[in-house]
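The values are calculated or read from the model by the stated rules, or taken from the named source; none is laboratory data. None of these values were measured; they are calculated from a predicted model. For neighbour counting, all protein chains shown are included, and Cβ atoms are generated from backbone atoms with ideal geometry for every residue, glycine included.
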Amino acid sequence: VDACLAIDVGGTKLAAGMVTEAGVLLRDRRVQTPASGDAEVLFAALAALIDDVIGRGPPRSSDGAHGDEVIPVACGVGCGGPMDLGAGTVSPLNIPAWRGFPLVTRVAEHTGLTVTMDNDAKALALGEGWTGAARGCADYIAMVVSTGVGGGIVLGGQIVDGASGNAGHIGHVIVEPDGRRCACGGRGCLEAEASGTAIAARTGRPAAEASQEEVVRAGTLVGRAVGSACNLLDIELAVVGGSVALGFGAPFFAAANDELHARARLSFSARARIVPSGLGPAGPLVGAGALAWRHATRAGTRP
Ligand SMILES: [Zn+2]
């Protein structure tokens, strides 16, 4: 079976898998992002993960590929922002070891595949529209609330790139004007208040151990940012994934929707709603696969 190699680079974990043309994720693997070390240590960890997924490592019983050989035809990479899409370089806020790192070239050299890269949350937006919670919706935002907070916007069925490919950074919408300093240089950004990193810094405990009060607070702040986005963009759906949001679950989403409905009051935005990712933990990789398949189809290398 033909599949695209899908890679997701995050501040906490590196993930890779194979995504079929129907959007099915096979051979899903993940490792911790090396917390220290230079750019090459980090890339070596990613390269080992890639080798494992594309079959240079032993198959596992959990792979579920019906015994068929999985043949990589292209590669899609989702990575935390910001990035320079033209140059194929990344400088993720949550990965200080990579500044201007030529990720597209390095992955292409390592795999021999054509590599399509985009912001991880833009990739998730494509994946959610393909087989997830935004299927059939032409105007929505998809968000990742995990180590950081990212977003990808789809308007009129098209992903919004912006001037440099970085549109959708809802993690840097201001939700507390006098709030915490953000890694971006600003203050009170959603990411500085409600990301896993921010919650851990505020409470002294991992986000997974957050109190109900913290869960509600994080949901409220996400709802506040989404409310501004809905008013600004005329969108009626926000799909939220990421380990923090999905781990918090129903109380988080209830608080987010309460705040959204309090803040988005225009005739076109009052119907907006926030729902959990339809793809769950598979979302970032399915999204990276969507990047690759979309490129392969457009390039005419697929029927
Ligand atoms: Zn910021």
What are the residue pairs meeting all of these: first residue in region 136-157, first residue at positive phi, second residue crowded, with 24+ Cβ neighbours inside 10 Å and among the hydrophobic types (A, V, I, L, M, F, W, C), Cβ atoms under 8 Å, and 6 or more apart or on different chains?
none
Which one of these is crowded, with 17+ Cβ neighbours inside 10 Å, farther than 19 Å from Glu259 by Cα and not hydroxyl-bearing (Ser, Thr, Tyr): Gly148, Gly157, Gly186?
Gly148
If you take the residues in region 257-294 that are hydrophobic (A, V, I, L, M, F, W, C), part of a helix (DSSP H, G or I) and within 18 Å of the chain's Cα centre (by Cα), which one is farthest from Gly11 (Cα to Cα)?
Trp293
I need the strands (runs of 3 or more DSSP E) fully contained in region 93-188, keeping only those with at least 2 residues that are closer than 17 Å to Leu14 by Cα and more than 16 Å from the ligand (Cβ to nearest atom).
115-119
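Name the single residue that is nearest to Ser243 (Cα to Cα) among those in region 1-43 being among the hydroxyl-bearing types (Ser, Thr, Tyr) and under 16 Å from the mean Cα position of the chain (by Cα).
Of everything passing the filter in region 1-43, Thr12 is nearest to Ser243 (Cα to Cα).
Condition check ((1) modelled with pLDDT under 95; (2) exposed (fewer than 12 other Cβ atoms within 10 Å of the Cβ); (3) assigned to a loop (DSSP other than H, G, I, E, B)) across all residues:
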| position | (1), (2), (3) |
| --- | --- |
| Arg27 | yes, no, no |
| Gly55 | yes, no, yes |
| Ala65 | yes, no, yes |
| Gly78 | no, no, no |
| Gly81 | yes, no, yes |
Test: Ser195 is at pLDDT below 95 and within 19 Å of the chain's Cα centre (by Cα):
no
Working only within region 191-223, note down all residues that are within 15 Å of the ligand (Cβ to nearest atom), without any contact (Cβ under 8 Å) to a residue 60 or more places away in the chain and touching an Asp or Glu at 6+ places or on another chain (Cβ under 9 Å).
Ala192, Glu193, Ala198, Leu221
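Looking at the structure I just gave you, is Ala254 more than 17 Å from Gly151 (Cβ to Cβ) and at pLDDT 95 or above?
Yes; evaluated as a whole, the condition is true for this residue.
Would you check if Ala254 is without any contact (Cβ under 8 Å) to a residue 24 or more places away in the chain and either among the hydrophobic types (A, V, I, L, M, F, W, C) or in a loop (DSSP other than H, G, I, E, B) (or both)?
In short, no.
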Against the condition out of contact with any strand residue (DSSP E or B) (no Cβ under 8 Å at 6 or more places or on another chain) and either at negative phi or more than 16 Å from the ligand (Cβ to nearest atom) (or both), how does Gly227 come out, does it pass?
yes
